[in-house]
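Participant: One structure, pasted below without further comment.
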């Protein structure tokens, strides 16, 4: 794989996957605005190396923001190759062994696995070539990504902690808001291993050592994002991906070990005896701001870096962004473990980028008995980070090993014509992502499964019903516009005012006789009917709680419809966040300097498109 991040950058450049920007670009908002434009280009655009940041260090963004660069980062020809390797390994390891010769034949494989284990190295590593004296994190080109962010954030950190009782290492990715030269926030959620370690140290009355790395082999960065089971070392996964072990060196001010070839190491501690402090706001991967909350303070004791270090950063916001390609790699990599440990009938898993990883998932199964679609939903909701999923659609497998997004969509368009909302919808409640702003309570709310698998006699056979064409929609109270997505038996309604979901949909169905209609989705009246369908699906996923905002409506025409309220809901219990967009002055400044950046033809700002979705000034909707 790669000796360090610089070698990966050189490889990207040789392959035509990197653009160097020599003009000064401000890490406060400007780098993010340029990255947002490029990352939303078809296929994910190019990786960007900003060489003039007003600091001693260049900034790399969008480094894994395409299918090809994701494959390059992980050393594979296609992303399904990783799952194939895992499946082959486990199949060989778990298959019955008839005799001593077969068992002996396992030794080379066991030796290969042992070769992936991380190894400790004596002395200092490249990551410790330069010791910053005094340590000052404000000398790093950390980004301020969105205008209402609470400050500048480290967005691609590898946060190292250790179990207080066993010493087992965890490497997670938790953003760091810079508070000053020697302190940051530590944004780990209650479900994360870092928070569990923090609680152990709190109970023991001890300070908790923490080390934050940046850069190195991109496999490290991916491994820190991967949803591994507790107790599995992220650097074992990195070794598997690299086909060679990760070399570790001891930190200078703690016993924690970090990869020798990282670009930066930020050492320090968190003191659980201290009061938590307000952190945020932050424009998050959901496309909305995650609002201020209380988190621990990370105190910095030492900063070291490689000579010629490059500062890696990522931008998150309205999809698509770089993180959607990382999520796609996770789909492919973890298919084999899901089949082996949780759902042997699973054939494919697709998390559309509009679902921002945890809102929407589509899985296909090899169905053999009644109720299996709902069984899979319950199994997935109890499996690792899939517990955060709130909308899962289950289909019957079509025989392909890795279905593309376009094929999934075509399949869903056909299958939904058989959907019976009364019989094929399962509502539940459970754990949700803390960033799910639509949940009635933080981290807890509704879930829904839509079962589009082929029906067995015990489940009642369904008839295919094509949606009839209605040329003239009869308006109802508050209706400002509508959209009928081509090929889908669904209608999007834009409705002004605060009419209740059931009242609005029932009235609409009463005056408009739609044969074959399966769902009606309500949006705020200020949203244009011309808004593209991907944006509307993203809004529906983000603004909806399955138990509160979805209802099955019986009509007078002997069929039922799933009604969905995807409107914003400020003032209904929890604070409601705004959509993230860039201010017009930053957009104009980037437009002005675009020709000097060497990025080719001007790409218009995505914020111009999304600004009409912003409800008020500030991160929180007032």
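The values are calculated or read from the model by the stated rules, or taken from the named source; none is laboratory data. Because the structure is a prediction, the values reported are computed rather than measured. Heads up, the Cβs are rebuilt from the backbone with ideal geometry, glycines too, and the neighbour counts pull from every protein chain shown.
Participant: Which residues, counting only those in the range 426-461, are part of a loop (DSSP other than H, G, I, E, B) and either surrounded by fewer than 16 Cβ atoms within 10 Å (Cβ to Cβ) or on the phi > 0 side of the Ramachandran plot (or both)?
Facilitator: Within the range 426-461, 443, 454, 456, 460, 461 meet the criteria.
Participant: Can you report the number of residues in the range 123-145 which are touching a residue at least 24 places away in the same chain (Cβ under 8 Å) and surrounded by fewer than 19 Cβ atoms within 10 Å (Cβ to Cβ)?
Facilitator: So the count comes out to 11.
Participant: Same structure, new question: For residues that are assigned to a loop (DSSP other than H, G, I, E, B) and surrounded by fewer than 18 Cβ atoms within 10 Å (Cβ to Cβ), scanning just the range 360-382, find the one that is modelled with the lowest pLDDT.
Facilitator: Taking the candidates together, the pick is 382.
Participant: Taking the range 552-603 on its own, how many of its residues are surrounded by fewer than 17 Cβ atoms within 10 Å (Cβ to Cβ), more than 30 Å from residue 441 (Cβ to Cβ) and without any contact (Cβ under 8 Å) to a residue 40 or more places away in the chain?
Facilitator: 10
Participant: Now a separate question. Taking the range 243-272, which residues are surrounded by fewer than 20 Cβ atoms within 10 Å (Cβ to Cβ) and either more than 26 Å from residue 207 (Cβ to Cβ) or not assigned by TED's automatic domain parsing to the domain that holds residue 297 (or both)?
Facilitator: 243, 244, 245, 247
Participant: Further question on the same structure: Condition first: in contact with a strand residue (DSSP E or B) (Cβ under 6 Å, 6 or more places away or on another chain) and not in a helix (DSSP H, G or I). Now tell me which residues in the range 35-49 satisfy that.
Facilitator: Passing the criteria: 46, 47, 48, 49.
Participant: Go through (1) modelled with pLDDT under 90; (2) surrounded by fewer than 19 Cβ atoms within 10 Å (Cβ to Cβ); (3) within 19 Å of residue 526 (Cα to Cα) and name the single condition residue 500 misses.
Facilitator: (1)
Participant: Right, next: Step by step: first the residues of the range 280-314, then only those that are part of a loop (DSSP other than H, G, I, E, B) and closer than 22 Å to residue 7 by Cα, then the one that is farthest from the chain's Cα centre (by Cα). Which residue is that?
Facilitator: 307
Participant: Within the range 184-216, work out how many residues are farther than 21 Å from residue 257 by Cα and more than 26 Å from the chain's Cα centre (by Cα).
Facilitator: Of the residues in the range 184-216, 4 are farther than 21 Å from residue 257 by Cα and more than 26 Å from the chain's Cα centre (by Cα).
Participant: Modelled with pLDDT of 90 or more and over 20 Å from residue 614 (Cα atoms): does that describe residue 471?
Facilitator: No.
Participant: Find the residue count for the range 156-168, including only residues that are in contact (Cβ under 8 Å) with a residue 40 or more places away in the chain and surrounded by fewer than 20 Cβ atoms within 10 Å (Cβ to Cβ).
Facilitator: Residues in the range 156-168 being in contact (Cβ under 8 Å) with a residue 40 or more places away in the chain and surrounded by fewer than 20 Cβ atoms within 10 Å (Cβ to Cβ): 2 in total.
Participant: Answer yes or no as to whether residue 518 is surrounded by fewer than 21 Cβ atoms within 10 Å (Cβ to Cβ) and touching a strand residue (DSSP E or B) at 6+ places or on another chain (Cβ under 9 Å).
Facilitator: no
Participant: Same structure, new question: When you go through (1) under 30 Å from residue 291 (Cβ atoms); (2) within 29 Å of the chain's Cα centre (by Cα) one by one for residue 485, which number turns out not to apply?
Facilitator: It is condition (1) that residue 485 fails.
Participant: On to the next question. So residue 615 fits all but one of (1) at pLDDT below 95; (2) outside the structural domain of residue 519 (by TED's automatic domain parsing); (3) within 24 Å of residue 427 (Cβ to Cβ); what number is the exception?
Facilitator: Every condition holds for residue 615 apart from (3).
Participant: Now, a different point. So, of the residues in the range 11-34 that are in contact (Cβ under 8 Å) with a residue 60 or more places away in the chain and in a helix (DSSP H, G or I), which turns out to be farthest from residue 603 (Cα to Cα)?
Facilitator: 11
Participant: Quick one: which of 265, 249 is under 23 Å from residue 223 (Cα atoms), out of contact with any strand residue (DSSP E or B) (no Cβ under 6 Å at 6 or more places or on another chain) and part of a strand (DSSP E or B)?
Facilitator: Matching residue, one of 265, 249: 249.
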